[in-house]
1. Which members of the stretch 343-353 meet the condition of being open to solvent by 50 Å² or more (accessible area, probe 1.4 Å) and under 28 Å from the mean Cα position of the chain (by Cα)?
2. Checking the structure you have, find out if any residue of the stretch 86-100 is in a strand (DSSP E or B) and within 26 Å of the chain's Cα centre (by Cα).
3. Filter the stretch 73-108 for residues that are closer than 19 Å to residue 282 by Cβ, surrounded by 21 or more Cβ atoms within 10 Å (Cβ to Cβ) and in contact with a strand residue (DSSP E or B) (Cβ under 8 Å, 6 or more places away or on another chain) and give the result.
4. Of all residues in the stretch 175-230 being acidic (Asp, Glu), out of contact with any helix residue (DSSP H, G or I) (no Cβ under 7 Å at 6 or more places or on another chain) and closer than 21 Å to residue 64 by Cβ, which is most open to solvent (accessible area, probe 1.4 Å)?
5. Restricted to the stretch 113-133, and to residues that are modelled with pLDDT under 95 and in a strand (DSSP E or B), which residue is surrounded by the most Cβ atoms within 10 Å (Cβ to Cβ)?
6. Kindly list, by first and then second residue, each pair from a residue in the stretch 1-12 that is under 20 Å from residue 269 (Cβ atoms) and touching a residue at least 60 places away in the same chain (Cβ under 8 Å) to a residue that is assigned to a helix (DSSP H, G or I) and polar (S, T, N, Q), limited to pairs with Cβ atoms under 6 Å and residues at least 6 apart or on different chains.
7. Counting only residues that are part of a strand (DSSP E or B), open to solvent by 20 Å² or more (accessible area, probe 1.4 Å) and touching a Leu at 6+ places or on another chain (Cβ under 8 Å), how many does the stretch 150-174 have?
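The values are calculated or read from the model by the stated rules, or taken from the named source; none is laboratory data. Since we're looking at a predicted model, the values are computed, not measured. A quick note on method: Cβ atoms are made from the backbone with ideal geometry, for glycine too, and the neighbour counts reach across all protein chains shown. Please note that ligands, DNA and RNA were not included when accessible areas were found on the heavy atoms of the full protein model with its side chains. Shrake-Rupley method; radii C 1.70, N 1.55, O 1.52, S 1.80 Å.
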Amino acid sequence: MLGYLLARAGIDVVVLEKHPDFLRDFRGDTVHPSTLEVMHELGILDEFLELPHQKVTEMVAFIGDQKITPIDLSHLPTQCKFIAFMPQWDFLNFVAQQGQRYPTFKLLMQTQVTDLLYSGDQVTGVKAENEEGVLEIQAKLVVAADGRASVLRDKAGLEVMDLGAPMDALWMSISRLDTDPQETMGRLNAGRMMVMLNRGTYWQCAYIIPKGGFEKLREQGIESLHADMTKLAPFLRSRVKELSDWDDLNLLVVKVDRLRQWYRPGLLCIGDAAHAMSPVGGIGINLAIKDSVAAANILAQPLVEGTLTLNHLKQVQKRRLFPTRVTQRFQVFAQKNIIGKVLADDSGKPTKPPLSMRILNRFPYLRRFPARFLGTGFRLEHVNDYILKRPK
């Protein structure tokens, strides 16, 4: 996204992707209203929404024996008042195609970054490898957008603050029947938790386990997982055996961390490379898009004019640090006080919804407040006129 925005502003951009395509399962698929608003501002929303997706305007949770609806997105002050569930490979392919409309955008697939290039303390580019061998790419600015296991932030020696996570997640797909519930939902009860995303023909499920608990679960056998999932979602009883082997599941080791400093001369980290997010709320991809927009707004003109300084990189962190901190605090709170307590519950009794959930369920108007947090976050980022009005 940042590459596309900068190329639209007339800046030469090289985007490196280590895989031959974007086809990876169980990446963030929740495109929130804040991201859809950016698409609208760029004039590509209608084309984007022609891609297959599911719209969700309410978030539903089954806690113990009760159905709770804590979030209603239909009143948001945005162009789209829903979350679009879309495979991330479709999202990335679409953004890449938009970037390739501009002659200054270059995408190198199957090209793995291996190291940074320096001149003194100044980062001046990257080393990378592809089928043709080793290559060096010189750049006025290197942006590390290579995720929570970022090679570039490690090579730069940037300090990471670990905020902790009491859980991991097992991602999987299970076929969906027309007789199944329609809602995208969370299911919590007596030591178990599962999130189920309605993807039309299948459920994308995240079964939540205590941090480091995967090996213990494996020792109990796949049948134990089948039984636990059936207790949470009885309508899956006939289909849980589609998960015949542990290879049918994908383990996400949950991290919540943040760089103390997101930059050094010639280098800027954004997205999970700067702040790994919990899957709580499906917020991570949308926070990364906001980072991209903020970075493009601040950096485009200095890059065009050749006046980029370290202070511009500081401005990006300053702009994005507050919403990142607040979002991570919420995620850590939810992990410890809701998810952690559910996973630790061995009473065998049905879990009772917390008071806050019961209030939201009873008073529909109040659902707009968590919807604002989820849908738009603590700071919306709008594409500025410098980018929007640059000559094509």
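1. 344
2. Within the stretch 86-100, none of the residues are in a strand (DSSP E or B) and within 26 Å of the chain's Cα centre (by Cα).
3. Those that are closer than 19 Å to residue 282 by Cβ, surrounded by 21 or more Cβ atoms within 10 Å (Cβ to Cβ) and in contact with a strand residue (DSSP E or B) (Cβ under 8 Å, 6 or more places away or on another chain): 73, 83, 84, 91.
4. Of everything passing the filter in the stretch 175-230, 183 is most open to solvent (accessible area, probe 1.4 Å).
5. That would be 130.
6. Qualifying pairs under 6 Å: 1/292; 2/292; 4/98.
7. 3
Let's see how each residue does on (1) part of a helix (DSSP H, G or I); (2) closer than 23 Å to residue 194 by Cβ; (3) open to solvent by 60 Å² or more (accessible area, probe 1.4 Å):
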residue	(1), (2), (3)
290	yes, no, no
298	yes, no, no
318	yes, no, yes
325	yes, no, yes
336	yes, yes, yes
369	yes, no, yes
391	no, no, yes
